[in-house]
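Here the structure is laid out as structure tokens; the discussion comes afterwards.
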Amino acid sequence: MKSVTKKWIEAGYILQNDPKAIVLCPECGVGSLIVKDEPIISSNNRIDRYLICNNCGKWNVITMQLPSDETNE
Ligand SMILES: [Zn+2]
């Protein structure tokens, strides 16, 4: 596995648990990753969480499950 891929996986793991964590971009190592959540229309309790570098613009997305007790409105 390429080390960049491994770094993305680690970044995804950190930001899945703590979206406010500061994680350096796996690609350029200069910028930090910004988190942007997009709800998945067909699923009420899953979201796509985009990790976007504020320096080079590279991004990755993880699909994650929201805690079910926060989805009732
Ligand atoms: Zn970058």
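The values are calculated or read from the model by the stated rules, or taken from the named source; none is laboratory data. What you see is a predicted model, and the numbers here were worked out from it, not measured in a lab. All Cβ positions, glycine included, derive from the backbone under ideal geometry; neighbour counts span all protein chains shown.
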Does any residue of region 37-49 turn out to be without any contact (Cβ under 8 Å) to a residue 60 or more places away in the chain, aliphatic (A, V, I, L, M) and in contact with a Pro (Cβ under 9 Å, 6 or more places away or on another chain)?
yes
Test Glu38 against the stated conditions and say whether it is more than 16 Å from the ligand (Cβ to nearest atom), among the acidic types (Asp, Glu) and surrounded by fewer than 16 Cβ atoms within 10 Å (Cβ to Cβ).
yes
Assess whether Gly57 counts as being modelled with pLDDT of 95 or more, surrounded by 13 or more Cβ atoms within 10 Å (Cβ to Cβ) and within 16 Å of the ligand (Cβ to nearest atom).
no
Taking the condition of being within 11 Å of the chain's Cα centre (by Cα) and either exposed (fewer than 15 other Cβ atoms within 10 Å of the Cβ) or within 16 Å of the ligand (Cβ to nearest atom) (or both), how many residues in region 41-54 meet it?
5
Which residues, taken from region 13-35, are within 16 Å of the ligand (Cβ to nearest atom), closer than 23 Å to Met1 by Cβ and in contact with a Lys or Arg (Cβ under 8 Å, 6 or more places away or on another chain)?
Leu15, Cys25, Pro26, Glu27, Cys28
